[in-house]
1. Can you sort ILE8, ILE76, ILE59 from fewest to most other Cβ atoms within 10 Å of each residue's own Cβ?
2. How big is the chain by the Kirkwood estimate over distinct Cα pairs, in Å?
3. Per DSSP H run of n ≥ 4, the term is -39500 (n - 2.57); total these for the chain, divide by its residue number, and report the mean residue ellipticity at 222 nm rounded to 500 deg cm²/dmol.
4. What's the exposure ranking of GLU101, GLU85, going from fewest to most Cβ atoms within 10 Å?
5. Provide the FRET efficiency to the nearest 0.05 for the ARG24-LEU89 pair, computing r from the beta carbons and using R0 = 22 Å.
6. What's the longest piece of the chain with no exposed trypsin sites (Lys or Arg not before Pro), counting a site as exposed if DSSP puts it in a loop and it has at most 13 other beta carbons within 10 Å?
7. What nm value, rounded to one decimal, do you get for the distance between LEU5 and LYS70 when each label is placed 7 Å out toward the C-beta?
8. Quote to one decimal, in nm, the extra length available between GLN12 and GLU101 on full extension: 0.36 nm per residue of separation minus the C-alpha distance between them.
Amino acid sequence: MGFSLVEIDHVQLAGPKGCEEEARIFYGKILGLTEIPKPENLQKRGGCWFKFGRQEIHIGIQEDFLPAKKAHPGFIVENLHLLRERLELEKIEIKEEPPIEGRERFFVSDPFGNRIEFLEFSS
């Protein structure tokens, strides 16, 4: 083929108009991601972007927004139990799914109802 996919640069999630402050609380304050500026030519669309490591999460505004209930990003976490405690402290509902051998995992919904998976691989 002559090419190879290397890694994911970003994941785009949608939110309703005016969701930026809720996104900043959930993705920034609760999950600890760093907000980065959107390119100037995209700022008028609304939304906000966050970065962790080399990856980014883009929260985009969708006029006819419906949350993603099945499709979801899966975030690898170090010390998954500490994240679980943090989310419980924030009164965020944790949803369990059938286990997958070699990893612990759980799901939450972001403030707009998008499904998010957090997982940690066992050694």
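No value in this document is a laboratory result; all are computed from the given coordinates. None of these values were measured; they are calculated from a predicted model. Note that each Cβ is placed from the backbone with ideal geometry, even for glycine, and that neighbours are counted across all protein chains shown.
1. With the fewest neighbours first, ILE8, ILE76, ILE59 line up as ILE8, ILE76, ILE59.
2. 15.6 Å
3. -3000 deg cm²/dmol
4. Ordered by Cβ neighbours within 10 Å, fewest first: GLU101, GLU85.
5. Efficiency, rounded to the nearest 0.05: 0.75.
6. 18-53
7. Going by the 7 Å Cα→Cβ label model, 1.9 nm.
8. 29.2 nm
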